[in-house]
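As structure tokens, the structure follows; a few thoughts come after it.
The values are calculated or read from the model by the stated rules, or taken from the named source; none is laboratory data. Just so you know, these numbers come straight off a predicted model, no measurement behind them. Heads up, the Cβs are rebuilt from the backbone with ideal geometry, glycines too, and the neighbour counts pull from every protein chain shown.
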Amino acid sequence: MKDFHLLIVGNELNIQQTLVPTLLSLGYDRVEMTANPEQVFTKMKTDTVDMVFLELNRKNYLDVVEISETISTQFHIPFVYVMAAHDKYLIEKAEETEPFGIIHHPEDAATLSTLLKSAANFKGSVYFEHFSKLHLIFEASPVGMYLTDMRGKLIKVNPAYCRLLGYTPQELLGKDFTLGLAENIKKYAANLHREFLEGSTDENSGEWEITDQEGNPKELRIMTERIVTATGVKYKLSTVTEITEKNEEIKKLRKALHEKDAFVKETLHRVKNNFNVIAGLFFLQSQKIKEHAGIYRIIQKNIGQVKTLALAYEQLYTQGSSEINLKEYLTSLSYHIQTADMGSAQKIAIDLSVEAIVIDIEKAVTCGMIIYEVLTYMLQVVSVQNQSESIVLNVHRNIPRIVMTMKGSGVHQHLPPSEGQALDLPLIKILSAQLKGELQVEKHAPDNMIVVLAFEA
């Protein structure tokens, strides 16, 4: 078989005297022999090799196993171990590398012929073609990939991984996968690798910092997968993506976001302060017209409305969010309403029952304006009527809606103009429409008033 190229790796004279003549007698005249393991890969790169015979003994076991793994993973060529004597321990260790066969020389011609024919069939099989395609995918992948054995040695690397670290495949194969890691974490990484392949841990992926051949630090995202062969041999397949630039971009984005948050907080703080300044200006003007009760109350109401807006923006500022917690906001607002300059209204309790509902600023401000309008009116009415009843504010979620109920006992729907402001129902209806809500103003008894507003959150 002149087209079947055989390569024998070993330096024992017995192999030359027995194996080579047997192969020639079987018609395999393309038989080469080398005693230098480094020439093996050079030969396979420059010439087509169909099968490799590897001399194996206890003395050269580690070197030969390393060669066999490279032959299998890099070149996908069947290899056979040739042993001078039957060594049970060595055979068991050798079988872990999944050789195409193990023979003891001298070997009879019939057995050797069968082995070679099987190798020829393997080279032409669908399995081998499939394996070759996987190899092409591995080599062409733009993502760095490498395969390590139980010892943590690199037995297969693709071009993308080599480019990432700045090494050639020859410089990486057979080296520890910890190459490039800081010395103080190499042992830790090796232990993780061993535990992962042993099955002690299920995840061995993460972000690592390495140094390439030129000394440049790089941040890598490494994803791993455990591979177990039919004979139980375990390997770790790792995919490697550089995230140095990505992390730099993330840092820049975080910095920009921090600056934006600081700018937004400063803006909210200034908006809140501006509302308070406006309220203060209104207050100064109101002190000049106290004798005009009607105008004075209008300005006092305007102050309250501005403070309602200021409280909303204060909540945004303190919470550092674009949304408002209604419970906290309405608690502050009800306290403001009670303590405002509304005659004896502050003596009347407001019974709050508000769920911790979070809504956007626009809806929160609208709710606040409605509540301010209704509660200030109820407080005035109860105060004028000298009632001791409490006023109830209930806000709860009834998915998908929020239901807001304000109930005042001892409240008439109209207040004499001489005693204060009438309920501004048109304003409440406009604000309710902005929420696209359903408004109900009910009078269940001569002195009981209930305002109910339901809107979608």
Can you pull out the residues in region 166-193 that are over 26 Å from the mean Cα position of the chain (by Cα) and modelled with pLDDT of 85 or more?
-> G166, Y167, T168, P169, E171, L172, K175, D176, L179, E183, N184, K187
Taking region 230-275 and keeping residues part of a helix (DSSP H, G or I) and within 30 Å of R151 (Cα to Cα) leaves T244
Filter region 166-201 down to residues that are more than 30 Å from T42 (Cα to Cα) and of a type outside the set (G, A, S), then give me how many there are.
-> 15
For region 60-119, what are the residues that are of a type outside the set (D, E, K, R), in a loop (DSSP other than H, G, I, E, B) and touching a residue at least 60 places away in the same chain (Cβ under 8 Å)?
-> A84, T97, H105, P106
Scan of region 77-99 for residues that are of a type in the set (F, W, Y) and either over 23 Å from D47 (Cβ atoms) or surrounded by fewer than 19 Cβ atoms within 10 Å (Cβ to Cβ) (or both), ordered by number = Y89
Do we have Y313 as aromatic (F, W, Y) and in contact with an Asp or Glu (Cβ under 9 Å, 6 or more places away or on another chain) here?
-> no
Go through the residues of region 30-53 one by one and say whether even a single one is surrounded by 21 or more Cβ atoms within 10 Å (Cβ to Cβ), of a type in the set (D, E) and either within 46 Å of the chain's Cα centre (by Cα) or in a helix (DSSP H, G or I) (or both).
-> no
Quick one: is L311 of a type outside the set (D, E, K, R), modelled with pLDDT of 85 or more and touching a Cys at 6+ places or on another chain (Cβ under 9 Å)?
-> no
Does H104 count as in contact with a His (Cβ under 9 Å, 6 or more places away or on another chain) and modelled with pLDDT under 85?
-> yes
Here the qualifying pairs (Cβ atoms under 8 Å; residues six or more apart or on different chains; first in region 419-433 and under 11 Å from V374 (Cα atoms); second among the acidic types (D, E) and modelled with pLDDT of 85 or more) come out as L423/E373; D424/E373; L427/E373; I428/E373
With (1) part of a strand (DSSP E or B); (2) touching a residue at least 60 places away in the same chain (Cβ under 8 Å) as the list, and L7 as the residue in question, which single condition is left unmet?
-> (2)
Just name the residue that is nearest to the chain's Cα centre (by Cα) out of those in region 218-276 that are assigned by TED's automatic domain parsing to the domain that holds G152 and among the small types (G, A, S).
-> S238
Is it the case that S72 is closer than 23 Å to T114 by Cβ, at pLDDT below 80 and surrounded by 18 or more Cβ atoms within 10 Å (Cβ to Cβ)?
-> yes
Give me the pairs, please: first residue somewhere in region 131-156 and charged (D, E, K, R), second residue anywhere and modelled with pLDDT under 85 and not in a helix (DSSP H, G or I), beta-carbon distance under 7 Å, and either six or more positions apart or on two chains.
-> D149/I155; K153/G174
Have a look at A262, A279, A293 and point out the one that is small (G, A, S) and either touching a Leu at 6+ places or on another chain (Cβ under 9 Å) or at pLDDT 80 or above (or both).
-> A279
Quick check: is even one residue across region 180-191 of a type in the set (D, E), in contact with a strand residue (DSSP E or B) (Cβ under 6 Å, 6 or more places away or on another chain) and at negative phi?
-> no
